[in-house]
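Enquirer: Please read through the structure below; I'll follow up with questions.
The values are calculated or read from the model by the stated rules, or taken from the named source; none is laboratory data. Predicted model, so just to flag it, every value in this text is computed and none were measured. Cβ atoms come from the backbone with ideal geometry, glycine included; neighbour counts cover every protein chain shown.
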Amino acid sequence: MKNPWKTLSTKIAYDNPWISIEHSEVITPGGSPGIYGVVNFKNHAIGIVPVDEEGYTWLVGQYRYALNSYEWEIPEGGCPVDTDPLETARRELKEETGLVAREWTRLMDFHLSNSVTNEYGVAYLARGLSQEEAEPEDTEELQLRRLPLREAIEMTLDGQIKDALSIMVLQRVALLLDKY
């Protein structure tokens, strides 16, 4: 389909190592002048649902600066654009939980908040787990929680988990593994 938007000009309004923000002067699909802002991510989002032989998974708890609140999420992180997503998933799982997986299933590719960002992501199911030492980054103060997969999925339904990536991926796993 043809792009109905006409871009008159674009400038970078803000830039740091993780994101840049574009400000564009546009002509809208209806023909009127307007503006549009886009947050360009310099990393892809990666999410992992580790599931052990007993049907348990792990959630990561951490304080989210942007939300000013403590949140429970699946293990997740950023993948530099030119990096293999699976390589990043392996690294993030080990860093945040200390888990190493023998089996990886790519669950889905997705866009998050596609009305204002270009953020792209990939999610995986990790199985055949063994425990090693976690190696969190210095920006992370993490708490781990091992719980039945069913309970984690229920947390997405009752509002205890609010992170969109975690909700989407845990519910995909529920369908895949026929947990609901």
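Enquirer: Output the residues belonging to the range 145-163 that are closer than 26 Å to residue 120 by Cα, exposed (fewer than 15 other Cβ atoms within 10 Å of the Cβ) and touching a residue at least 24 places away in the same chain (Cβ under 8 Å).
Expert: Selection gives 160 alone.
Enquirer: Next question. Going by the structure shown, is residue 132 surrounded by 16 or more Cβ atoms within 10 Å (Cβ to Cβ), outside the structural domain of residue 23 (by TED's automatic domain parsing) and without any contact (Cβ under 8 Å) to a residue 60 or more places away in the chain?
Expert: In short, no.
Condition check ((1) hydrophobic (A, V, I, L, M, F, W, C); (2) within 22 Å of residue 126 (Cα to Cα)) across all residues:
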residue: 24; (1), (2): no, no
residue: 44; (1), (2): no, yes
residue: 49; (1), (2): yes, yes
residue: 61; (1), (2): no, yes
residue: 77; (1), (2): no, yes
residue: 80; (1), (2): no, yes
residue: 104; (1), (2): yes, yes
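Enquirer: Filter the strands (runs of 3 or more DSSP E) completely within the range 87-180 down to those with at least 2 residues that are out of contact with any Lys or Arg (no Cβ under 9 Å at 6 or more places or on another chain) and among the aliphatic types (A, V, I, L, M).
Expert: Correct list: 143-148.
Enquirer: Is one or more of the residues making up the range 43-62 among the aromatic types (Phe, Trp, Tyr), in the same structural domain as residue 143 (by TED's automatic domain parsing) and out of contact with any Lys or Arg (no Cβ under 6 Å at 6 or more places or on another chain)?
Expert: No, the conditions are met nowhere in the range 43-62.
Enquirer: Additional query: Taking the residues in the range 77-126 that are of a type in the set (Ser, Thr, Tyr) and closer than 23 Å to residue 153 by Cβ as candidates, determine which candidate is surrounded by the most Cβ atoms within 10 Å (Cβ to Cβ).
Expert: Here the answer is 124.
Enquirer: I would also like to ask the following. On the basis of being under 19 Å from residue 80 (Cα atoms) and either assigned by TED's automatic domain parsing to the domain that holds residue 36 or β-branched (Val, Ile, Thr) (or both), does residue 117 make the cut?
Expert: Criteria met by residue 117.
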